[in-house]
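Engineer: One structure is given below, represented as structure tokens, and several questions about it will come after.
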Amino acid sequence: MSDQIKAPKWRLDSDLRETDFETLAVRGGHYRTAEAEHGEPIFTTSSFVFESAAQAAARFGGDEEGNIYSRFTNPTVRVFEERIAALEGGERAVATSSGMAAILSLGLGLLEQGDHVLCSYSVFGSTVSLLEKYFTRAGITTSFVDPTDLEAWRQGMRPNTKLLFLETPSNPLAEVADIRAIADVAHAGGAWLAVDNCFCTPALQRPLALGADIVVHSATKFLDGQGRCVGGVVVGPDALMEEVYGFVRTGGTCLSPFNAWVFFKGLETLKLRMDAQSRSAHALAEWMQEQGGISRVYYAGLASHPQHELAKTQQSAFGAVLAFEVEGGQAAAWRFIDATRMVSITGNLGDTRTTITHPATTTHGRLSPEARAEAGIGDNLIRLSVGLEAQADIQQDLARGLQAL
């Protein structure tokens, strides 16, 4: 895929309207204030002052653009929104307080009672809980399908289906769904396709260019890249994002200025990090599949992966997350994890530090055993998010886990 981005003119200064990904990641969305700062400032204020009562009325009434209240208008948050929108190739972004808040804001901003969501069953455990429990209370129903089975997507469509939702690559099994084909299914039924692009980020994959309508991120992960803050973002057409923005403004699922500043500073190194971490993950996946005690490795970069060729057409690299199954069930998986000494045992991912977790009892632990089985998440599965440590040191630490099997 080309790294050349054509950003909407309103997002950037005149000399940055058509620039490469790396340039947008560093400079996109920042308009210098009267202080002529070189870096982007953090506007840590709850509200903004008006020149007159008439101006206040005009701002609140929408007749004049400008800052009002940091729950829904903050210059620092706006820099992050404009930068990630430009990187994803979208018209507009709406930042939220977490990745789950992004999905909540997307759903309640665009859907209404009686609507139906068709979702991949290979998504983050909290996404399943949100859809099955809380969206149901709002009268929005959900059904789940195999993300790689295009016919299942077609058969799952209903007259009231308004949204198709998937992660690709999926968490944690790295299943790759055909974005363009599923977008065609959605559009044929008058629905939108939303893609969680958390594992690849726009540095490796741009779903909007492949036909998706909306992109969702947990900015907590690779967009930040250093495990510092929690946040999320939704990217898409201005008309749809206006509705999402309306929910964020009213519902208060907003991002703080400080977290926004952390995130857009993270974007500056996104491409460098994703390329480096993907290289290490690819090498480690190839090494892992040759080791005794490992029954299967899940990573789209492997030639043995069932969607390897599809991934090559959608992604510029295969990402930093891999999963593998060990022989011996949960007890063996826990022994492997506990034997490591350097990698961090945590449910988070997308960090400069390598992390390891047992999905069945952590990130997907709230799913029923039946739901986990349907998603292919067994008790012997381990997920690894590869960081920026030396590949040899990560491999040495994983070897400690292998010795414990």
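The values are calculated or read from the model by the stated rules, or taken from the named source; none is laboratory data. Note that this is a predicted model, so its numbers are computed, not measured. FYI the Cβ positions are ideal-geometry reconstructions off the backbone, even for glycines, and counts take in every protein chain you see.
Engineer: Quick one: what pairs do we get from segment 309-328, first residue within 13 Å of Ala281 (Cβ to Cβ), second modelled with pLDDT of 95 or more and among the basic types (Lys, Arg), C-beta under 7 Å, 6+ apart or different chains?
Structural biologist: Val321/Arg383; Ala323/Arg383; Phe324/Arg296
Engineer: Anything in segment 155-179 that is without any contact (Cβ under 8 Å) to a residue 40 or more places away in the chain and surrounded by fewer than 16 Cβ atoms within 10 Å (Cβ to Cβ)? List them, or say none. Give the derivation first.
Structural biologist: Narrowing segment 155-179 to residues without any contact (Cβ under 8 Å) to a residue 40 or more places away in the chain: 155-157, 159.
Across segment 155-179, the qualifying residues are Gln155, Pro159.
Engineer: Exactly one of these conditions fails for Val49: (1) of a type in the set (A, V, I, L, M); (2) in a loop (DSSP other than H, G, I, E, B); (3) at pLDDT below 95. Give me its number.
Structural biologist: (3)
Engineer: Moving to a separate point now. Got a number for residues in segment 126-143 being small (Gly, Ala, Ser) and outside any helix (DSSP H, G or I)?
Structural biologist: Of all residues in segment 126-143, those small (Gly, Ala, Ser) come to 126, 129, 138-139, 143.
When the remaining residues are screened for being outside any helix (DSSP H, G or I), the result is 138-139, 143.
Selection size over segment 126-143: 3.
Engineer: With respect to Ala194, is the statement that it is in contact with a Gly (Cβ under 9 Å, 6 or more places away or on another chain), part of a helix (DSSP H, G or I) and within 17 Å of Cys119 (Cβ to Cβ) true? Give the derivation first.
Structural biologist: Values: in contact with a Gly (Cβ under 9 Å, 6 or more places away or on another chain): yes; part of a helix (DSSP H, G or I): no; within 17 Å of Cys119 (Cβ to Cβ): yes.
No; evaluated as a whole, the condition is false for this residue.
Engineer: Next question. Among (1) part of a loop (DSSP other than H, G, I, E, B); (2) among the hydrophobic types (A, V, I, L, M, F, W, C); (3) in contact with a Pro (Cβ under 7 Å, 6 or more places away or on another chain), which single condition is Leu166 missing?
Structural biologist: Result: Leu166 passes all but (1).
Engineer: Does segment 102-117 contain any residue that is surrounded by fewer than 21 Cβ atoms within 10 Å (Cβ to Cβ) and within 21 Å of Phe258 (Cα to Cα)?
Structural biologist: Looking through segment 102-117, none of the residues is surrounded by fewer than 21 Cβ atoms within 10 Å (Cβ to Cβ) and within 21 Å of Phe258 (Cα to Cα).
Engineer: Somewhere in segment 58-67, is a residue touching a helix residue (DSSP H, G or I) at 6+ places or on another chain (Cβ under 9 Å) and crowded, with 17+ Cβ neighbours inside 10 Å? So that I can check it myself, show each step before the final result.
Structural biologist: Taking segment 58-67 as the starting set, the residues that turn out to be touching a helix residue (DSSP H, G or I) at 6+ places or on another chain (Cβ under 9 Å) are 63-67.
Add one more test, that the residue is crowded, with 17+ Cβ neighbours inside 10 Å, and what stays is 67.
The answer is yes, given that some residue of segment 58-67 is touching a helix residue (DSSP H, G or I) at 6+ places or on another chain (Cβ under 9 Å) and crowded, with 17+ Cβ neighbours inside 10 Å.
Engineer: A further question on this structure: Using the structure shown, decide if Pro172 is assigned to a loop (DSSP other than H, G, I, E, B), in contact with a helix residue (DSSP H, G or I) (Cβ under 6 Å, 6 or more places away or on another chain), outside the structural domain of Ala303 (by TED's automatic domain parsing) and within 24 Å of Lys133 (Cβ to Cβ). Full working, then the answer.
Structural biologist: Working: assigned to a loop (DSSP other than H, G, I, E, B): yes; in contact with a helix residue (DSSP H, G or I) (Cβ under 6 Å, 6 or more places away or on another chain): yes; outside the structural domain of Ala303 (by TED's automatic domain parsing): yes; within 24 Å of Lys133 (Cβ to Cβ): yes.
Yes; evaluated as a whole, the condition is true for this residue.
Engineer: Between a residue in segment 203-220 that is in contact (Cβ under 8 Å) with a residue 40 or more places away in the chain and any residue that is part of a helix (DSSP H, G or I) and among the acidic types (Asp, Glu), which pairs come within a Cβ distance under 7 Å, given they are 6 or more apart or on different chains?
Structural biologist: Arg206/Glu88; Leu208/Glu88; Val215/Glu88
Engineer: Within segment 209-220, is even one residue assigned to a strand (DSSP E or B) and either among the charged types (D, E, K, R) or over 11 Å from the mean Cα position of the chain (by Cα) (or both)? Break it down into steps so the answer makes sense when it comes.
Structural biologist: Of the residues in segment 209-220, the ones assigned to a strand (DSSP E or B) are 214-218.
If we keep only those that are either among the charged types (D, E, K, R) or over 11 Å from the mean Cα position of the chain (by Cα) (or both) too, we end up with 214.
Yes, because at least one residue in segment 209-220 is assigned to a strand (DSSP E or B) and either among the charged types (D, E, K, R) or over 11 Å from the mean Cα position of the chain (by Cα) (or both).
Engineer: So, Leu388, is that one surrounded by fewer than 22 Cβ atoms within 10 Å (Cβ to Cβ) and either outside the structural domain of Val230 (by TED's automatic domain parsing) or modelled with pLDDT under 95 (or both) or not? Even if it seems obvious, please write down each step before you answer.
Structural biologist: On the way: surrounded by fewer than 22 Cβ atoms within 10 Å (Cβ to Cβ): yes; either outside the structural domain of Val230 (by TED's automatic domain parsing) or modelled with pLDDT under 95 (or both): yes.
Criteria met by Leu388.
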